[in-house]
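Student: Dropping a structure here in structure tokens format, bear with me for questions.
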There are 2 protein chains.
Amino acid sequence: MEKKTRFIYIDEVAERTGLTQRTLRFWEEKGLLPSPARSEGGIRMYSDADVSRVIRIRELRDLLGLSLSVIKEIMQVEDELTQVRLQAQQVKREEKLPYLRRSAVMLTTQIQFLGDRIARLQALQSSYAEQLACLRRHMTELEHTAAEQ
Amino acid sequence: MEKKTRFIYIDEVAERTGLTQRTLRFWEEKGLLPSPARSEGGIRMYSDADVSRVIRIRELRDLLGLSLSVIKEIMQVEDELTQVRLQAQQVKREEKLPYLRRSAVMLTTQIQFLGDRIARLQALQSSYAEQLACLRRHMTELEHTAAEQ
DNA sequence: GTCATATTTGACGTTGACGTTAATGTCAAT
DNA sequence: ATTGACATTAACGTCAACGTCAAATATGAC
């Protein structure tokens, strides 16, 4: 019972991810996406893994507003990490530990960065919330005086 | 004891905000910043209020990754809100309420937007945290087997 | 095989957000 | 009044992140 890897064309990837075909080719050209499988005639055949990678990159772009070059670095680190995981059995401990440490450091950095960003956003949000509360007080006040007339 | 409004030159604004003079002029040109006061010779004289506005815009850009045009809209709404507040006494209730309602709607929208963004970032963060935990387990495991040798 | 689509690469165009340079004016101090 | 440092506008340059168009294949249905 072999797992038939489903392949899809670039237009379906574009549809599923909400991007354009041009953007997908561009990201591939810039090294953010690995060159996908090709049909005999040279047409791009995307796997589900490819699609999820696209979605991850899109999230990094939209949520964090990062540039593609920064995203590329992040993805390279993530790739390295999964590489180390996959080669867990083949490589000796002494050679593996440094990689793991580096990955741990990178992950910690990312987590801190996100924590900081989240805190700032929450501060912004609560400032808005306060303004809204103040505004609501004004409004109810106005409605009361209007009712008295 | 009149409050002497301190004015500073554009280079000091640039220094305080971490932007360049060019960026400040550009933002002004694009309508994000109001034309500041000018000296007799036509040189820009910024007040503290101007500086805090710049900082607010910078936060919107850096934290949310918004485009300048979007930021411009947001700032216009905020300006409108403060206008309504300042004219609290002059305007009649019937004329003021619609403005307040619009501001309330805008604020609510912003708060929801931020809440959504924060939730997504937290999801991203916890996924990283999980990966890190997994990685740490691997590492301690490796150190143990290494100690046994 | 043929036809209608869809995909490929390549090249050039566009938009946003500034950087850079030049030519000229202003400020503050000596 | 002169000097040196900083400011002003205007114009052109740049870089990232795509859009658009064209000419040449590929694919899938008939």
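Student: If neighbour count is taken as other Cβ atoms inside 10 Å, put B:145, A:82 in order from fewest to most. Present the calculation step by step, with values, prior to reporting the outcome.
Tutor: Numbers: B:145 9, A:82 12.
Going from sparsest to densest Cβ surroundings: B:145, A:82.
Student: A further question follows. Residue farthest toward the positive end of the dipole of the stretch A:87-149, with Cβ of Lys/Arg at +1 and Asp/Glu at -1: which of A:118, A:131, A:98?
Tutor: A:98
Student: What is the Cα centroid distance between the stretch A:97-137 and the stretch A:10-43, reported in whole angstrom?
Tutor: Going from one Cα centre to the other spans 32 Å.
Student: HN-Hα J couplings of the stretch B:28-36 from phi, Karplus 6.51/-1.76/1.60, θ = phi - 60°, integer Hz, Gly and Pro as x?
Tutor: 5, 4, 7, x, 7, 10, x, 4, x
Student: Relative to the Cα centre, what is the charge dipole magnitude of the stretch B:2-149, using +1 at the beta carbon of each Lys and Arg, -1 at the beta carbon of each Asp and Glu, and rounding to the nearest 20 debye?
Tutor: Numbers: 24 positive and 22 negative charges, 138 e Å.
Dipole of the stretch B:2-149, to the nearest 20 debye: 660 debye.
Student: Give me, ordered by chain and number, the residues 5 or more places off residue A:33 or on other chains with an amide H under 5 Å from its own placed amide H.
Tutor: Placed amide hydrogens put A:28 under 5 Å from residue A:33.
Student: Shifting gears a bit: Pairs of alpha-carbon atoms within less than 8 angstrom and 6+ residues apart define the contacts here; what relative contact order does chain B have, in percent? Please report the intermediate quantities before stating the final value.
Tutor: Values: 68 pairs, mean separation 22.3, N = 149.
Here the relative contact order equals 15 percent.
Student: Let me check I've understood the local charge: for residue B:106, count other residues with C-beta under 11 angstrom from its C-beta, Lys and Arg +1, Asp and Glu -1. What total comes out?
Tutor: Values: positive: B:101, B:102; negative: B:73, B:78, B:80.
Residues near residue B:106 contribute -1 overall.
Student: Hey, got the average number of other protein chain Cβ atoms within 10 angstrom for residues in B:42-50? Numbers along the way, then the final one.
Tutor: Details: counts 0, 0, 0, 0, 0, 0, 0, 0, 0.
That works out to 0 on average.
Student: Run the dipole for the stretch A:87-149 about the Cα centre, Lys and Arg Cβ at +1, Asp and Glu Cβ at -1, nothing else charged, and hand back the magnitude in debye, nearest 20. Walk me through the numbers before you get to the answer.
Tutor: Working: 9 positive and 7 negative charges, 160 e Å.
Dipole about the Cα centre, nearest 20: 760 debye.
Student: For the pair residue B:77 and residue B:55, what calculated FRET efficiency results from E = 1/(1 + (r/R0)^6), where r is the Cβ-Cβ distance and R0 = 22 Å, to the nearest 0.05?
Tutor: Working: r = 18 Å, r/R0 = 0.83.
It comes out at approximately 0.75.
Student: Work out from phi, with θ = phi - 60° and the Karplus expression 6.51 cos²θ - 1.76 cosθ + 1.60, the ³J(HN,Hα) of each residue of the stretch B:124-141, listed in order in whole Hz, and give x for Gly and Pro.
Tutor: Per residue, the Karplus-derived 3J(HN,Hα) values read 4, 5, 6, 5, 5, 4, 5, 4, 5, 4, 4, 5, 5, 4, 4, 5, 5, 4 Hz.
Student: Work out the length of the dipole vector of the protein assembly as shown about its Cα centre, built from +1 on the beta-carbon of each Lys and Arg and -1 on the beta-carbon of each Asp and Glu, and round it to the nearest 20 debye. Before the final figure, lay out the partial values.
Tutor: On the way: 48 positive and 44 negative charges, 28 e Å.
Magnitude of the dipole: close to 140 debye.
Student: Which value, to two decimals, describes the C-alpha radius of gyration of the stretch A:1-68 once divided by 2.2 N^0.38 Å? Intermediate values should be presented prior to the final figure.
Tutor: On the way: Rg = 12.5 Å, N = 68, 2.2 N^0.38 = 10.9 Å.
Relative to the rule-of-thumb radius for its length, the stretch A:1-68 sits at 1.14.
Student: State whether chain B is rounded, prolate or oblate according to the following rule on the C-alpha gyration tensor (a ≥ b ≥ c being the square roots of its eigenvalues): a/c under 1.5 gives rounded; otherwise a/b larger than b/c gives prolate, and the remaining case gives oblate.
Tutor: Values: a/c = 3.47, a/b = 1.78, b/c = 1.95.
Because a/c hits 1.5 or more and a/b fails to exceed b/c, chain B counts as oblate.
Student: Moving on to the next point. Mind pulling the angle between the C-alpha long axis of helix A:48-64 and the longest principal axis of chain A? Nearest 10 degrees, somewhere in 0 to 90.
Tutor: Helix A:48-64 sits roughly 40 degrees off the main axis of chain A.
Student: What residues qualify as long-range amide H neighbours of residue A:44, i.e. H under 5 Å apart, gap of 5 or more or another chain, H built at 1.01 Å from N?
Tutor: HN-HN under 5 Å from residue A:44: A:39.
Each reported figure results from applying straightforward, stated rules to the coordinates on display, with no laboratory input. The shown structure was predicted, so the numbers you read here are calculated from the model rather than taken from an experiment. Glycine also receives a Cβ, built like all others from the backbone with ideal geometry; neighbour counts cover every protein chain displayed.
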